[in-house]
Amino acid sequence: MAFAEHWIYPNADTVIILKSPQPDDEFAPWSYGDGIAANSTAMEDAVATTLEDIPIDAVPDIPEGSVLYYVSSRQLILASPLFESMLQQDAYREGHKKTDGYYYVITEEWNAEAFLLLMNMLHLQCGYILLSPSFETMDKLAVIVDYYDCAKAIEIFTSLHMKRMVQKKKFKEYNRKLILEILVSFVFKWRKCFEAATRSAILECDENTVRMLGLPIPLSVTTN
């Protein structure tokens, strides 16, 4: 299978290569493991890649099945301290333009739809932003937002989506959806929703520990 391309910014100077996009059915399975929380170090080891194995100005190979996002380095830098660090001029390999004139950032295993939604939000491409993304899509978005530490940059969009979803959902039964509600309310800082969902998880959990499903939720959240 060839790779897909998304032109987020017409005058793009950066290409993000998303390798091995995560299939929908592999996101946060209930069978992931009891009480196992993903931490930032583990996430970084699993997701971040570097360009150390190729010449500094060489265009990286693009594996089949990858998704390419053509974006603005300035927008990435303004939105995310991680992108800012990666794209500092000459500080890291990502900060060196390649022979084709683009910066390249390689990442992997994010959900492609959620990553596209984030890129459109960061570049204020309102016409391409879902008006009513699914609850599952918002959770997939939250994992990426947490990793790149860019919740503030898209708050104008997520606040609208979260208000609508929080009013509709309000899960109380201890199950996968309740854990996902903890995640989105934690990442997007919806305190009342977060406190209610966490309380329900602790009270309704019939296992030794609350399942974190490999999501970036601090273990202390459900143990204090």
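Odds and ends about this structure:
- Scan of segment 95-116 for residues that are surrounded by fewer than 21 Cβ atoms within 10 Å (Cβ to Cβ), outside any loop (DSSP other than H, G, I, E, B) and among the small types (G, A, S), ordered by number: G95, A112
- Elements of type helices (runs of 4 or more DSSP H) in segment 117-224, at least 1 residues being out of contact with any Cys (no Cβ under 8 Å at 6 or more places or on another chain) and touching a residue at least 60 places away in the same chain (Cβ under 8 Å): 135-148, 176-187
- Within segment 58-78, residues that are under 18 Å from M121 (Cβ atoms) and without any contact (Cβ under 8 Å) to a residue 24 or more places away in the chain sit with their Cβ atoms under 9 Å from residues that are among the hydrophobic types (A, V, I, L, M, F, W, C) and in a loop (DSSP other than H, G, I, E, B), at 6+ positions apart or across chains, in these pairs: I77/L87.
- Taken together, the residues in segment 188-220 that are under 20 Å from the mean Cα position of the chain (by Cα) and of a type outside the set (D, E, K, R) amount to 11.
- Taking segment 40-94 as the region of interest, the helices (runs of 4 or more DSSP H) fully inside it that hold 3 or more residues being under 20 Å from A114 (Cα atoms) and at pLDDT 90 or above are 73-79, 81-86.
The values are calculated or read from the model by the stated rules, or taken from the named source; none is laboratory data. No experiment lies behind these values; they were computed from the predicted model shown. Cβ atoms come from the backbone with ideal geometry, glycine included; neighbour counts cover every protein chain shown.
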